Amino acid sequence: MLWSQFALESERRGGMSDGQGLATIKAIYASFAQGDLPAVLEKFDPGIAWIEATGFPGVGGRHVGPDAVRAVLMQVTREWDGLSVAPREYVGAGDRIVVLGETTGIYRATGKSFASQFAHAWRLRDGKVVEWRAHIDTALAQAATAVS
């Protein structure tokens with residue numbers, strides 16, 4: 001299937017236009033950068049599946065619903081100083097967007113830094129995020145959490 005056909009099929013299934021989906025995801029990253037968690041959570045479907053990379057310290061795995069996502073994000077901000085999630089490129093069509101970028105931070109308990117490239121896969125339905133999946137080098141994050 002050609003990419004343009006994928007986008008048309010996405011819209012026929014009740015997906016969003018290319019611009020709407022992309023605008024929603026960019027707004028989420030902007031809200032993250034500003035520390036505006038309520039603005040982030042309002043863009044999530046009540047049944048959102050938030051899937052952190054398996055092996056990411058403390059939060060790896062599947063979390064369902066905005067309250068579970070809030071708990072994950074609060075735990076991450078408690079454990080990591082200077083956490084930055086910097087999107088560099090957006091790829092996608094309609095209701096499926098992939099964001100490529102870099103995450104950096106310092107694990108509070110050890111003082112060790114962490115930096116890794118990421119791919120975040122987003123899926124939207126009716127203007128709301130129904131799934132987010134992180135792909136990141138968890139070994140780098142685990143190294144930062146290891147006590148020497």
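Data table
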read-out: Of all residues making up region 135-148, the number that are farther than 17 Å from residue 49 by Cα and assigned to a strand (DSSP E or B); value: 1
read-out: Number of the exception - residue 142 against (1) out of contact with any strand residue (DSSP E or B) (no Cβ under 8 Å at 6 or more places or on another chain); (2) surrounded by 18 or more Cβ atoms within 10 Å (Cβ to Cβ); value: (2)
read-out: Matching option when the condition is free of Cβ contacts under 8 Å to residues at least 40 places away in the same chain, touching a Ser or Thr at 6+ places or on another chain (Cβ under 7 Å), among the β-branched types (Val, Ile, Thr) and closer than 14 Å to residue 52 by Cβ, among 110, 103; value: 103
read-out: Strands (runs of 3 or more DSSP E) wholly inside region 21-134 containing at least 3 residues that are touching a Phe, Trp or Tyr at 6+ places or on another chain (Cβ under 9 Å), of a type in the set (Gly, Ala, Ser) and surrounded by 13 or more Cβ atoms within 10 Å (Cβ to Cβ); value: none
read-out: Those residues of region 124-148 which are closer than 18 Å to residue 68 by Cα and either of a type in the set (D, E, K, R) or in contact with a Lys or Arg (Cβ under 6 Å, 6 or more places away or on another chain) (or both), in sequence order; value: 128, 129, 130, 131, 133
read-out: Verdict on residue 88 being more than 18 Å from residue 33 (Cβ to Cβ) and not polar (S, T, N, Q); value: no
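No lab work stands behind these numbers, since they all come straight from the coordinates. Model, not experiment: these values are computed from the prediction. A quick note on method: Cβ atoms are made from the backbone with ideal geometry, for glycine too, and the neighbour counts reach across all protein chains shown.
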